[in-house]
Amino acid sequence: MERGAETEGQEAEWQALNDAVVQVQGLLAQGKVGGFYVSRRARDPGMFRLPDHFWLLAEGTTALLCGEFHDMGQPSPLLFQRGVIEAALMAQPGAGSQAKGGRPRKVDAALAVYAAIYPAGHEAAGVTWKEAVARVSSETGERIAVGTLRDALKTTR
């Protein structure tokens, strides 16, 4: 019996990871968050944003799972805005962050975007709730109510 329980637990972890990858991929493909890499090519060094459509390709999935992008055969670590990946993982069901009722995917996306824009919270940035919600709504393309975001944030802290 213990063996079966271990397998079920591993399956649940794998499903949670897969759900998180799909969610993060969606945010990246929609351009709501950016994924970057550092080019080490002598002719063109610097940090570059990967195109949004890249995340829809099998290469994008592989890069996200491995944490690196291959630039002309040279591996380069993927870089993201602080807190984006963590917020997406915390927004998964079972992580204690999904708000009751409403539209969970809308709330999850709002939480991920909020974490990316305001890693220390909007108050630390001197922004009101109304301004923060307007910015998150603009970034997600979904209308979010102040109460919805406030309640969702309470469940994640």
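The values are calculated or read from the model by the stated rules, or taken from the named source; none is laboratory data. These figures come from a predicted structure and were not determined experimentally. Because the Cβ atoms are built from the backbone with ideal geometry, glycine has one as well, and the counts that use them run over all protein chains shown. The protein model used for the area step is the full one, side chains on, heavy atoms only, and it has no ligands, DNA or RNA in it. Shrake-Rupley method; radii C 1.70, N 1.55, O 1.52, S 1.80 Å.
Scanning residues 5 or more positions from Glu68 or on other chains, those with amide H under 5 Å from its amide H are Leu78, with H placed 1.01 Å from N in the peptide plane.
For the set Asp151, Asp19, solvent exposure ranked by accessible area (probe 1.4 Å, protein chains only) runs largest to smallest as Asp151, Asp19. With the simple model of a label 7 Å out from the Cα in the direction of the Cβ, Glu68 to Arg40 spans 0.8 nm. Relative to a virtual label point 7 Å from the Cα of Ser138 in the Cα→beta-carbon direction, which members of the range 39-81 show backbone nitrogen distances below 12 Å? Under cut-off, by backbone N: nothing. Highest mean packing comes first when the peptides 45-53, 21-29, 139-147 are listed by Cβ atoms within 10 Å, giving 21-29, 139-147, 45-53. If only the Cβ of Lys and Arg carry +1 and only the Cβ of Asp and Glu carry -1, the dipole of the range 109-157 around its Cα centre is close to 120 debye.
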